[in-house]
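The values are calculated or read from the model by the stated rules, or taken from the named source; none is laboratory data. Note that the structure is predicted; figures quoted are calculated from it, not measured. Methodologically, a virtual Cβ is constructed for each residue, glycine included, from the backbone with ideal geometry; neighbour enumeration extends over all protein chains shown. The area values use the complete protein model at the heavy-atom level, side chains included, leaving out ligands, DNA and RNA. Shrake-Rupley method; radii C 1.70, N 1.55, O 1.52, S 1.80 Å.
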Amino acid sequence: MKNNIILLSLGLATLLTSCRDEDKLYPENPTQFLDNQVFATSSRIQSQLLGVYGSFKNGNQHGGRYVIYNDIRGEDILSQTSNLVTAADIFAQNPTNSSNSITSFWTQSYYTINNVNLFIEGMDTQGKAVVGDALYKNYVAEVKVIRALSYFGLLQFFAKPYADGNGTKPGLPLRLTAVKGGGSSALARSTVGEVYTQILKDLNEAEADLPLTYTGSSNVTRIHRNTAIALKTRVYLSMQKYAEAVAEANKIVPTAAPFTASSGVANKLEANIANVFTTYTTAESVFSLPMTATAGDFPGTQNQIAYYWTPATGGGVGNGEYSLNPAGILANTTQFTSADKRREFVLTTGSGTSARLWNTKFKAPSPYTDWVPVIRYAEVLLNLAEAKVRLNNAVDAQSIALLNAVHGRSDAAKVFTAADFATADAFLLALDNERRMEFMGEGHRTRDITRLLKTFSAHGTAPAKALNDIGYLWPIPAQELSLNPLMTDN
């Protein structure tokens, strides 16, 4: 999907006021369309839609840095370069207001949100009459999911978890109308709960208007009904609203194995997990961000996941920024056995004290065209298992079957039974281990720690960070504080 967005004369040509001086003038580009032309034809509307996807998959947001930042804060990653350009401050849990890492992520996320708002307003005023009601609903529903994902991503770093205060703590500026010029900076933070309410509103409205399926690879690269449902299981789990998470998962997960979505896209586990990271379009991939070698259609310099996770030599394609912690989940040989196929993603270089372990899930060389998974069906299965056990404080047969489905496709010899779990906590520990094994390098760890109000463990040179410690939340970027007089810092 090419990042070929056609810029509005003022709106899309300007990032939100959090990243640029409001008084700076932007000369009109003769190759850009005027406001009343952008939504004048079906092809231009489709280009705008692709552009919204393109801004979301930018390397500074979900196409790269979001994934990286989430995992390097967790206990399974070690820093090898101490390079601020590649987020050494994020690893060390000490970014400042002027940190390029947090500023670029904040800026790109709000840029994407603004693109969504511009698109919705353009479709309301002109586009609906051009494409008709059905496509209008389809397109607007897609971008609402992107807006929901963008706000959800920002919440993970810049706001307290929902469970800390039941959503009453300061959240984010909730921008739901398009910024087209100066004078729109001042906006106070909504509460965490208010932001989550908007996220769920977008996802619920999208679910009602999204198509059940597309054709071919679009079932992975475009947002469909099951995408919205799958993401709601993640959101409700993050809010510790377990009954709601179960209800959403039940829409697309049957009561017994084999687990395949019975409506919409027939999402299911791929038989071999390695295929998920080479074929890209398996039924397990509910939503992924495609990359190509076309200029502007890959994550960009020092944003690429494989650049961070793999070494420059010895079988890698990257720069060896972050290695795997041998004392992390890899040390759990009882659950993560030597026979587990997911260990085949682990590359060893060097020997003795120079030995390093690397994650090779993402292995495409420069310009790094690995597709980036946003959500896989494996997550939905584990979300359902966890939500059921936390809701009832008991381990049931379906939860064990869901855990076995994910674990068994990589390690068939290891089969969990009820006898393995004397308590609900024992199951939840095994499930947390499974998430670390299954989603290693895919950007899950931060939210799995924070949603449960846990402490970030010390790892390598990174210190431990508890819920109320400085650094558990990121500071608000200095540019936002400067341009938004109503904004408050963390």
> What is the log10 of I(q)/I(0) for region 366-490, computed with the Debye formula using one identical point scatterer on each Cα and no solvent, at q = 0.11, 0.23 Å⁻¹?
Replying inline: -0.55, -1.30
> Just from the alpha-carbon atoms, what are the Rg and Dmax of region 212-300 in angstroms?
Replying inline: 14.6, 45
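Just to be sure I follow: if Rg is taken over the C-alpha atoms of region 80-210 and Rh is the Kirkwood radius over the same atoms, what is Rg/Rh? Please list the in-between numbers first.
Details: Rg = 17.0 Å, Rh = 16.4 Å.
Using Cα coordinates only, the ratio equals 1.04.
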>> How big is region 119-276 along each principal axis, measuring the range of its Cα positions in Å and listing the largest first?
In response: 54, 46, 28
>> If you take every residue apart from PHE362 with its C-beta less than 11 Å away from the C-beta of PHE362, what net charge results, scoring Lys and Arg +1 and Asp and Glu -1?
In response: 0
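In whole Å, what three semi-axes, largest first, describe the equivalent ellipsoid of region 310-383 built from its Cα gyration tensor (square root of 5 times each eigenvalue)?
Numbers: eigenvalues 98, 81, 17 Å².
Semi-axis lengths for region 310-383 are 22, 20, 9 Å.
Suppose every K and R has +1 on its Cβ and every D and E has -1 on its Cβ; what is the size of the dipole of the chain about the Cα centre, in Debye to the nearest 20?
Details: 42 positive and 42 negative charges, 63 e Å.
That gives the chain a dipole magnitude of about 300 debye.
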> Can you list the aspartates and glutamates whose alpha carbon sits under 13 Å from that of LYS169, skipping same-chain ones fewer than 8 residues off?
Replying inline: GLU194, ASP489
>> Tell me which of ALA188, VAL131, PRO211 sits at the most positive position along the dipole axis of region 105-249, charges placed on C-beta atoms (Lys, Arg +1; Asp, Glu -1).
In response: ALA188
> Going out from 0 in 20 Å bins, what whole percent of all Cα-Cα distances in the chain drops into each bin?
Replying inline: 24, 60, 16, 0
>> Please compute the length gained on full extension between LEU357 and SER263, using 0.36 nm multiplied by the number of residues separating them and subtracting their Cα-Cα distance.
In response: 29.8 nm
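Roughly speaking, what % of Cα-Cα pairs in region 169-230 are separated by over 16 Å, rounded to a whole number?
60
When ligands, DNA and RNA are left out and all protein chains stay put, how many square angstrom of accessible area per residue does region 120-199 have with a 1.4 Å probe?
Details: 2690 Å² over 80 residues.
With all protein chains present, region 120-199 gives 34 Å² per residue.
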>> Residue by residue through region 434-443, what is 3J(HN,Hα) from phi via Karplus (6.51 cos²θ - 1.76 cosθ + 1.60, θ = phi - 60°)? Round to whole Hz and write x for glycine and proline.
In response: 5, 5, 5, 6, 6, 10, 3, x, 9, x
> Each residue of region 331-344 in order: what ³J(HN,Hα) in whole Hz does its phi give by Karplus 6.51 cos²θ - 1.76 cosθ + 1.60, θ = phi - 60°, with x for Gly and Pro?
Replying inline: 7, 7, 7, 6, 8, 9, 6, 5, 7, 5, 5, 5, 5, 5
> Can you give the calculated 222 nm mean residue ellipticity of the chain, where each DSSP H run of n ≥ 4 adds -39,500 (n - 2.57) and the sum is split over every residue, rounded to the nearest 500 deg cm²/dmol?
Replying inline: -11500 deg cm²/dmol
